[in-house]
Amino acid sequence: MIVGVVGATGMVGGELLSQIERRRFPFSRLLLFSASRGHAPRIVRDRRSPVLPLSSHSRLLNDCGLVFFAGSDGVSRRLAKRLARRGAWVIDDSSAFRLDPEVPLIIPEVNAGALRADRRLVAGPNCTMSGLAVALSPLHRLWKIRELRVASYQSVSGAGRGALEEFAGQAAVFAQALAKGENPSFPKPRFLPAPIAGNVIPQVGSFDLLGRSDEETKVAAELAKVLGAPRIKTSVTAVRVPTIRGHAIACWARFHGKADEAVARRRLRRAPGMKLHEGSLYPTPLAAAGSGPVHVGRLRRGVDGRELCLWIVSDNLLKGAALNAVQIAEEIRRRGWLNEP
Ligand SMILES: NC(=O)c1ccc[n+]([C@@H]2O[C@H](COP(=O)([O-])OP(=O)(O)OC[C@H]3O[C@@H](n4cnc5c(N)ncnc54)[C@H](OP(=O)(O)O)[C@@H]3O)[C@@H](O)[C@H]2O)c1
């Protein structure tokens, strides 16, 4: 089976290649695509694959049995449905189809049962929502979530390679200013709405007429879809912070039933894809970067017996994108729906 990766040179695409390598996902050939020319070939399991500009090589996608999309929403919209109709499995990490009722939105630990042999286009989740869903789904099964308050602390890699490169430049300016005891003066940012070095920005995406950002709307709507719980009332404030990778979330979950902290703790200790940090230990983005599981700490009772508070950290490029996508492919393969190489 020929496996395609669109966006292979990006933050998510690079991690997809690493996951294919590390998890020994089978392929007979890898076809790698980017927007621009001139990228060096990539080596995966000792095999060298050139990176092809998609604009002049998109017909090669027709040879693939499985395609991972990690480019832009626009590229996915243009190509993904057509490829799936032709019979390829398509796993899309963009946000183009996540809320499409015809497209399963899958986090394997949470809703692998929503995969179907005849729905070959499968969406991967928003990188903030995925951590939230893995941590909350065991608790939702126990007591049914009624309301959620969420504040996110999202790393710069969530906005792509360009934002991360811009952050590196700003960090150097910030360090020089700090050494001189001066206020830093940054060039106008291109990738984020304000300089991110030494800053936090309460805007991820653009705002709608009600003042909610794209990210805030996505987290609420996607969580409802993945948990199959359209009635959960969710308020989100999404904030970009100057970390490199790993999104953190403070979450206040209010349940229909009484929620017992000790029972929650026992349940989360054995939940799939999760690591519970207990006592005075808690996860941070720096410590969780590069690790697959969703980390949960600071689990405690909220204002009354129906509310629990959690601190959740997960790697946005792994469980938030590349690892989750490869886990979806593994699940499809386990069910015998993929043609083996
Ligand atoms: N970053 C995250 O944490 C995260 C998490 C979940 C989902 N996602 C989604 O994953 C996708 C990729 O994000 P990213 O952070 O990896 O972005 P990125 O670092 O900016 O990389 C984008 C990649 O897509 C390629 N690309 C862009 N436009 C293209 C086009 N028209 N045709 C073919 N390739 C194209 C780029 O090629 P060049 O290198 O040649 O420009 C690059 O390989 C986005 O849809 C994003 O929303 C990201």
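The values are calculated or read from the model by the stated rules, or taken from the named source; none is laboratory data. This one's a predicted model, so the numbers in the text were calculated from it and none came from an experiment. Neighbour counts are summed over all protein chains in view; Cβ atoms, including those assigned to glycine, are modelled from backbone coordinates with ideal geometry.
Checked against (1) buried (at least 20 other Cβ atoms within 10 Å of the Cβ); (2) within 16 Å of the ligand (Cβ to nearest atom), LEU139 passes all but condition (2). Looking only at residues in the stretch 78-88 that are under 23 Å from GLU15 (Cβ atoms) and touching a helix residue (DSSP H, G or I) at 6+ places or on another chain (Cβ under 8 Å), the one that is farthest from the ligand (Cβ to nearest atom) is ALA88.
Considering each of LEU79, LEU148 in turn, give the residue that is surrounded by 14 or more Cβ atoms within 10 Å (Cβ to Cβ) and in contact with a Cys (Cβ under 7 Å, 6 or more places away or on another chain). Step through it out loud before you land on a result.
Details: LEU79 fails: in contact with a Cys (Cβ under 7 Å, 6 or more places away or on another chain).
Sole residue among the options that is surrounded by 14 or more Cβ atoms within 10 Å (Cβ to Cβ) and in contact with a Cys (Cβ under 7 Å, 6 or more places away or on another chain): LEU148.
Every residue in the stretch 62-76 that is aliphatic (A, V, I, L, M) and either surrounded by 22 or more Cβ atoms within 10 Å (Cβ to Cβ) or without any contact (Cβ under 8 Å) to a residue 12 or more places away in the chain (or both), please. Passing the criteria: LEU66, VAL67, ALA70. The single condition from (1) of a type in the set (A, V, I, L, M, F, W, C); (2) touching a Phe, Trp or Tyr at 6+ places or on another chain (Cβ under 7 Å); (3) in a strand (DSSP E or B) that LEU16 fails is (3).
May I ask you to list the residues in the stretch 1-13 that are among the small types (Gly, Ala, Ser) and either assigned to a helix (DSSP H, G or I) or more than 8 Å from the ligand (Cβ to nearest atom) (or both)? Give the derivation first.
Restricting attention to the stretch 1-13, the residues satisfying the condition of being among the small types (Gly, Ala, Ser) are 4, 7-8, 10, 13.
The answer is GLY4, GLY13.
Yes/no matrix, rows are residues, columns are (1) within 12 Å of the ligand (Cβ to nearest atom); (2) surrounded by fewer than 21 Cβ atoms within 10 Å (Cβ to Cβ):
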site: ALA96; (1), (2): yes, no
site: VAL110; (1), (2): no, no
site: VAL134; (1), (2): no, no
site: GLU165; (1), (2): yes, yes
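For the stretch 60-77, the count of residues that are within 13 Å of the ligand (Cβ to nearest atom), touching a Leu at 6+ places or on another chain (Cβ under 7 Å), assigned to a helix (DSSP H, G or I) and over 26 Å from ASN126 (Cα atoms) is at least one. Within the stretch 216-238, restricting attention to residues that are away from the ligand (no atom under 15 Å from the Cβ) and assigned to a strand (DSSP E or B), the residue that is farthest from PRO285 (Cα to Cα) is LYS233.
Please report, ordered by residue number, the helices (runs of 4 or more DSSP H) entirely within the stretch 260-341 with at least 3 residues that are of a type in the set (Val, Ile, Thr) and either more than 16 Å from the ligand (Cβ to nearest atom) or not assigned by TED's automatic domain parsing to the domain that holds VAL241 (or both). Let's see the steps before the verdict.
Working: elements: 261-269, 285-288, 323-334.
Of the helices (runs of 4 or more DSSP H) lying wholly inside the stretch 260-341, those with at least 3 residues that are of a type in the set (Val, Ile, Thr) and either more than 16 Å from the ligand (Cβ to nearest atom) or not assigned by TED's automatic domain parsing to the domain that holds VAL241 (or both) span 323-334.
Does PRO104 qualify as being free of Cβ contacts under 8 Å to residues at least 24 places away in the same chain and out of contact with any helix residue (DSSP H, G or I) (no Cβ under 9 Å at 6 or more places or on another chain)? In short, no.
Counting only residues that are surrounded by fewer than 14 Cβ atoms within 10 Å (Cβ to Cβ) and either in contact with a Lys or Arg (Cβ under 6 Å, 6 or more places away or on another chain) or not basic (Lys, Arg) (or both), the stretch 29-56 holds 9 of them.
When restricted to residues that are among the β-branched types (Val, Ile, Thr) and within 15 Å of ALA322 (Cβ to Cβ), the stretch 105-133 contains 3.
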